[in-house]
Structures are given as C-alpha cells and as structure tokens.
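Throughout, read-outs are computed from the coordinates displayed, never taken from laboratory work. Everything numeric here is computed off the predicted structure, so don't read it as measured data. Cβ placement follows ideal geometry from the backbone for every residue including glycine, while neighbour counts extend to all protein chains displayed.
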Amino acid sequence: MKALIIRLGLMIILLLGSGTHAHSNAVKASHILSISSSAGSASLLWKERGLKVLLVALGLGGIYLVYHMRLNQIKKEESLKAEFSRQLADLEMKVLKAQMNPHFIFNSLNSINWYILKSETEKASLYLNKFSKLMRLILDNSNQKIISLHQELAALKLYLEMEALRFNEKFTYSFSIDRDLNPLSVGVPPMIIQPFVENAIWQGLLHKEVEGKIEIQVNRMTGGLKYVITDNGIGRKKSSELKSKAADEDKASGMKVNSDRLALLNRESNITSVETIDLETASGEPIGTQVIIKMLSAEIEPEF
C-alpha cells in the first residue's frame with residue numbers, strides 16, 4: 001500500500017512537471033509566432049516600399065527614355081531641315097549664278113549686233129570673243145562652290161573690259177592686290193564682287209561727264225579677304241535723284257538677282273560685312289562711293 005501511494009505521488013509529480021513544461025513550451029511557441037508575425041509584417045512592408053521605389057524608378061526611366069527619344073527625333077528633324085535648306089540655297093545660288101544679270105547679257109548681245117550693223121567687224125569680233133569667254137567662265141564657275149581668287153578676278157576683268165568697250169572707254173579701271181596674297185591659293189565663292197562693280201558703273205560712273213575711274217583692292221585680313229571698291233562717280237544721292245521710273249523698271253530684274261545672290265551669301269556667312277561710304281569733299285560735294293566687303297576665304301591647292 002505504501003509503495004502504491006509512493007508510485008501515485010511520483011506519477012502526479014511527473015504529470016505536474018510535464019504540464020508545467022508543456023505550458024512553458026506553449027508560451028515559448030506563442031512568443032516565437034509573435035516574433036515571426038512581426039518579422040513577416042516588416043518584411044512585407046520593406047517589399048512594398050521596394051516595389052514602390054522600383055515603380056518610381058521605372059516611371060522616371062520611362063519618362064527619360066521618351067524625352068531622349070523625342071529629343072533625338074527633334075535633332076534629326078532639325079538636321080533634315082538644315083540639309084534641305086542648304087540644298088535649296090545651293091540650287092538657288094546655281095540658278096542666280098547662271099543668270100548673272102540678264103540685262104547685262106541682253107545688252108551685250110545688242111552691242112555685238114550694233115557693231116555688226118555699223119560694219120565695225122573688228123569691234124564686233126573682239127566683243128563677241130570676250131563675251132564668249134565670260135559666259136564660259138560663268139557657266140564653269142556656277143558648278144563650283146569655291147573657285148580661286150585668280151578665277152574670280154579673271155571673270156571680273158573680262159566683265160570690266162566688255163563694259164568699258166561698250167561705253168566707248170567712258171571709264172578706266174585698275175586692280176590692286178596684296179603682295180603677300182597668292183590668288184591661285186585663295187578660295188572664294190564665285191561672282192562675289194561683280195554686282196558691286198556693276199552697281200558702281202551704272203549708278204555712279206555712267207552719269208559722270210568726265211572720265212570715270214573704278215579701283216578694286218583686295219587685301220588679306222585674319223581669316224579672310226577685304227575687297228575695297230572705289231569709284232569717282234556722282235555719288236548715291238545724286239544717282240537716286242537721276243533715276244527714272246522707266247530705268248528702275250528696266251533694271252529691276254537684274255538688281256533683284258544681285259540682291260538675292262548677296263542675301264544668300266550673307267545667309268551662308270561668306271560675307272561678314274558690307275559697308276558703303278559716301279566720299280565727299282571738305283565742303284560736302286560728292287566725289288564718289290566706296291564699298292568695303294569683308295568675307296571669309298579658304299586656302300586651296302593651286303591648279304596648274
């Protein structure tokens with residue numbers, strides 16, 4: 001009996017011990033679950049934040065990509081526009097070069113015909129020869145963006161010879177070129193100064209009662225050339241007063257060709273500046289006009 005009581009006591013103790021241990025384990029398990037739940041919530045929160053950051057980054061990346069693509073598209077469109085404009089300017093320039101001044105061509109042909117009618121065959125032949133050379137030079141040069149200064153001055157000299165011959169040597173002309181300037185190795189756009197020279201003849205020298213003079217100077221400057229065209233004509237003010245409506249209409253087309261050419265040249269930055277100076281005496285009497293043209297030039301290989 002005593003042994004049974006002892007055994008029952010031991011069993012109760014064991015059961016109580018087991019219950020206490022189970023309770024402790026339950027408490028521990030509950031604590032672990034609580035910690036696990038908290039860790040899971042924190043992990044989920046970090047995941048949500050990471051997802052938001054990722055979405056924002058993707059959004060910003062998408063916006064930048066669209067902006068970059070649009071910027072490239074705009075640059076491409078601007079590049080195409082610039083190329084089209086350049087091609088159009090080239091085409092316009094070729095047309096204007098080929099035209100030169102249509103009235104000059106018409107008047108030259110009339111002069112040849114006049115010499116023939118007057119049986120001045122020698123003058124007719126001389127004029128026709130110069131005219132043919134000039135037209136050939138103009139056509140050859142019109143296909144080139146850059147020619148040598150030598151070619152440019154050769155064409156200008158032919159033009160002046162023809163005009164002097166046509167107007168019975170009413171004016172003389174001269175050229176002055178810097179000694180350190182090699183016309184064969186300097187490249188310029190063709191027919192640059194011819195419109196200015198033509199204007200000096202028609203607006204200044206032809207109205208003068210005594211012999212007219214025109215001087216063309218070519219000087220080197222940093223990065224380019226400076227042309228100085230000086231005439232001893234009647235001056236711009238008096239020339240404007242003498243202009244008749246008929247004469248203006250007759251030469252309107254030719255002058256427009258010249259102004260269009262110069263506008264294109266300015267647009268392409270060949271000519272950097274054009275300055276017109278009215279020359280006067282101390283008392284204010286006009287004694288001519290001076291035009292100073294500054295333009296860019298290029299070094300080229302001389303052709304022999």
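Spacing of the modelled spin labels on residue 208 and residue 303, each 7 Å from Cα toward Cβ, amounts to 3.5 nm.
Sorting the segments 61-72, 161-172, 141-152 by their residues' average number of neighbouring beta-carbon atoms within 10 angstrom, most packed first, yields 141-152, 161-172, 61-72. With θ taken as phi - 60° and the Karplus curve 6.51 cos²θ - 1.76 cosθ + 1.60 applied, the whole-hertz 3J(HN,Hα) list for the range 196-203 is 5, 5, 4, 5, 4, 5, 6, 8 Hz, x standing for glycine and proline.
Determine the gain in length on full extension of the stretch residue 222-residue 287; use 0.36 nm per residue of separation and subtract their C-alpha separation, reporting nm with one decimal.
On the way: separation 65, 0.36 × 65 = 23.40 nm, distance 3.07 nm.
Once the chain is fully extended between residue 222 and residue 287, it gains 20.3 nm.
Across the range 271-286, computed HN-Hα scalar couplings (Karplus, 6.51 cos²θ - 1.76 cosθ + 1.60, θ = phi - 60°) run 8, 8, 6, 10, 10, 10, 10, 7, 7, 9, 7, 4, 8, x, 6, x Hz from first to last residue, x flagging Gly and Pro. Taking amide H positions as modeled 1.01 Å from N, with prolines and chain starts lacking one, the residues under 5 Å from residue 280 and 5 or more places away or on another chain are 287. Cross-link pairs exceeding 23 Å between alpha carbons, from the set 76/294; 130/294; 208/237; 157/226; 118/238; 170/238: 76/294; 130/294; 118/238. Using the Karplus relation 6.51 cos²θ - 1.76 cosθ + 1.60 with θ = phi - 60°, the per-residue 3J(HN,Hα) values for the range 143-159 come to 8, 10, 6, 10, 10, 6, 4, 4, 5, 4, 6, 5, 5, 5, 5, 4, 4 Hz, with x marking Gly and Pro. Close amide H pairs (under 5 Å, H built 1.01 Å from N) link residue 214 with 172, 173, 174, residues at least 5 positions away or on another chain.
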